[in-house]
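Chemist: My structure is below; once you've seen it, I'll send some questions.
The values are calculated or read from the model by the stated rules, or taken from the named source; none is laboratory data. None of these values were measured; they are calculated from a predicted model. We place every Cβ from the backbone using ideal geometry, glycine too, and count neighbours over all the protein chains shown. Just so you know, the surface numbers come from the protein's heavy atoms only, side chains and all, with ligands and any DNA or RNA stripped out. Shrake-Rupley method; radii C 1.70, N 1.55, O 1.52, S 1.80 Å.
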Amino acid sequence: MTSSGDRSQAVDVQEPKTYEVRTYGCQMNVHDSERLSGLLEGAGYVRAPEGSDGDADVVVFNTCAVRENADNRLYGNLGRLAPMKTKRPGMQIAVGGCLAQKDRDTIVKKAPWVDVVFGTHNIGKLPVLLERARVQEEAQVEIAESLEAFPSTLPTRRESAYAAWVSISVGCNNTCTFCIVPALRGKEKDRRTGDILAEIEALVGEGVSEITLLGQNVNAYGSDIGDREAFSKLLRACGRIEGLERVRFTSPHPRDFTDDVIAAMAETPNVMPQLHMPLQSGSDPVLKAMRRSYRQDRYLGIIEKVRAAIPHAAITTDIIVGFPGETEEDFEQTMHVAREARFSAAFTFQYSKRPGTPAATMENQVPKEVVQARYERLVALQEQISWDENKKQVGRTLELMVAEGEGRKDGATHRLSGRAPDNRLVHFTKPGQEVRPGDVVTVEVTYAAPHHLLAEGAVLEVRRTRAGDAWEKRNAAEAPKPAGVMLGLPKIGAPEPLPVATGSGCGCD
């Protein structure tokens, strides 16, 4: 006789549900997607294998409302998933982000197979909304009108082991006439300095050696408490964190770019000599129509001060071509600023209407063919400037942080890629010893192209780092990361300059 304690029972072991997050838009969305991944993994989901392309139990779209065809792109992708959902019982589709915040019920009406719609203020509700949709068998639409909790309190599944985003604020108090983001993200809300520094220290403890401070208007930090020097104080505090090698920030606004910030950048060794500062237009009348609170002289004055304090700083920008009412003289002023500022790279956008923005109803919309011609002239000018500025780097000895996945041809060319302190992308000869993402190498630049540098000689020095250790540990423990992040603006590291785009030029600044 077999005792009850010896009886075996059949146990139904189910495979964990898989998820995929597809990201569109700015850095804020990229970081929000890290949080969405963290929330889903905390709820028991596992990341779908690379190349799943919708073949997951849960597919989440984190959307952007800045691009002209954002809604068409979303509904096209949702349409492609509809037959997959029919064949896969239990599959769920969720739509979040700025477009969800803007369109709300429209999404479910146009794509009734969507299970969950959530906004920019309540991303923490995603697992609950998915479960509710599953139990009630009907779509859940929940859009919070204001921030429920600062998103950095949510679990995060970070994309990189050696570099990390750290949000210092959300929302924006500006009223640029071409931008709908403030209406969707809300008024600026700053995070407590102590919480920011605690997160950075925790990240450094995990092996992260580079952080990027993130805000939709990052250098307005402190507006909540009326401290105009709060951002420069934060930069200096980052400089006192042992083990933190590189500090970057994006994106600042010229209105709030004060002398104390320039001094903090110059005097804090781990704040990198790099600045991405949106111009949008070089014309004073156009800047006024855009409700940008600076003018050409103010902008160029900031550039001059930065270059005086940090001679090797690389400065990048955003520019909109063809804003309503832009004349040939206005456009020539933008060309003038590009020549004077000597940007190392630029994101150049063709203006197009955004429903819900004041600029969409302005008179004197510039004809498409005129916008295209001006755009091509600006691209050609900036391409030459970028190349000339990169040529000045030839012969310099640079310390590079080895990057993951930034050199598309590295496999064929037997090179690796890394970021210089000023964020320029450098492809270098693969050394004989092992080099991991997050490690640091010293190289001499031998060749310059408009958008990258080459170091074709032998690597002068390899420094293994805790960041490299962290990458190695994660890589050993995890399967390769899936594709699915489709960005219109930068990820960690410098953006590829001069994209052929028709956006407003405003992501979060």
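Chemist: Tell me, what ³J(HN,Hα) does each residue in segment 295-300 have, in order and in whole Hz, if you take phi through Karplus 6.51 cos²θ - 1.76 cosθ + 1.60 with θ = phi - 60° and put x for Gly and Pro?
Modeler: 10, 4, 4, 4, 4, 5
Chemist: Against the globular-protein guess of 2.2 N^0.38 Å, express the Cα radius of gyration of segment 297-434 as a ratio, rounded to two decimals.
Modeler: Numbers: Rg = 19.0 Å, N = 138, 2.2 N^0.38 = 14.3 Å.
The value comes to 1.33.
Chemist: Considering Cα pairs under 8 angstrom that are at least six residues apart, work out the relative contact order of the chain and quote it in whole percent.
Modeler: Details: 1034 pairs, mean separation 78.6, N = 509.
Once divided by the residue count of the chain, the mean separation gives 15 percent.
Chemist: Which aspartates and glutamates does residue 305 reach when only Cα atoms under 18 Å apart count, and residues fewer than 8 places away in its own chain are ignored?
Modeler: Correct list for residue 305: 229, 256, 259, 260, 267, 297, 340, 422.
Chemist: Starting from the amide H of residue 21, placed 1.01 Å from N in the peptide plane, find each other amide H under 5 Å away whose residue is 5 or more places distant or on another chain.
Modeler: 60
Chemist: Work out from phi, with θ = phi - 60° and the Karplus expression 6.51 cos²θ - 1.76 cosθ + 1.60, the ³J(HN,Hα) of each residue of segment 427-434, listed in order in whole Hz, and give x for Gly and Pro.
Modeler: Values per residue, Gly and Pro as x: 9, 10, 4, 5, x, x, 8, 5 Hz.
Chemist: While we're looking at this one, here's another question. At a probe radius of 1.4 Å, what is the per-residue accessible area of residue 315, in Å² to the nearest 10?
Modeler: Rounded to the nearest 10, the figure is 0 Å².
Chemist: Counting each DSSP H run of 4 or more residues in the chain as -39500 (n - 2.57), what helix-only mean residue ellipticity at 222 nm follows after dividing by all residues, to the nearest 500 deg cm²/dmol? Write out the running numbers ahead of the final one.
Modeler: On the way: 15 runs with 168 residues, N = 509.
After summing the helix terms and dividing by residue count, I get -10000 deg cm²/dmol.
Chemist: Residue 368: which lysines have alpha carbons under 27 Å from its alpha carbon, excluding same-chain residues fewer than 8 sequence positions away?
Modeler: Straight-distance partners of residue 368: 102, 288, 353.
Chemist: Rounded to the nearest 5, what is the percent of antiparallel bridges among the DSSP beta bridges in segment 155-306? Present the calculation step by step, with values, prior to reporting the outcome.
Modeler: Details: 2 of 13 bridges.
For segment 155-306, the DSSP antiparallel bridge percentage is about 15.
Chemist: Counting Lys and Arg as +1 and Asp and Glu as -1, each charge on the Cβ, what is the dipole of segment 176-251 about the Cα centre in debye, to the nearest 20?
Modeler: On the way: 11 positive and 12 negative charges, 63 e Å.
Approximately 300 debye in magnitude.
Chemist: Check the straight Cα-Cα distances from residue 430 and name the aspartates and glutamates below 20 Å, setting aside those fewer than 8 residues away within the same chain.
Modeler: Within the straight-line cut-off, residue 430 pairs with 399, 404, 406, 410, 439, 444, 456, 461, 469, 472.
Chemist: Restricting things to alpha carbons, find the Rg to Rh ratio for the chain using the Kirkwood radius for Rh.
Modeler: Values: Rg = 23.8 Å, Rh = 24.1 Å.
Value, to two decimals: 0.99.
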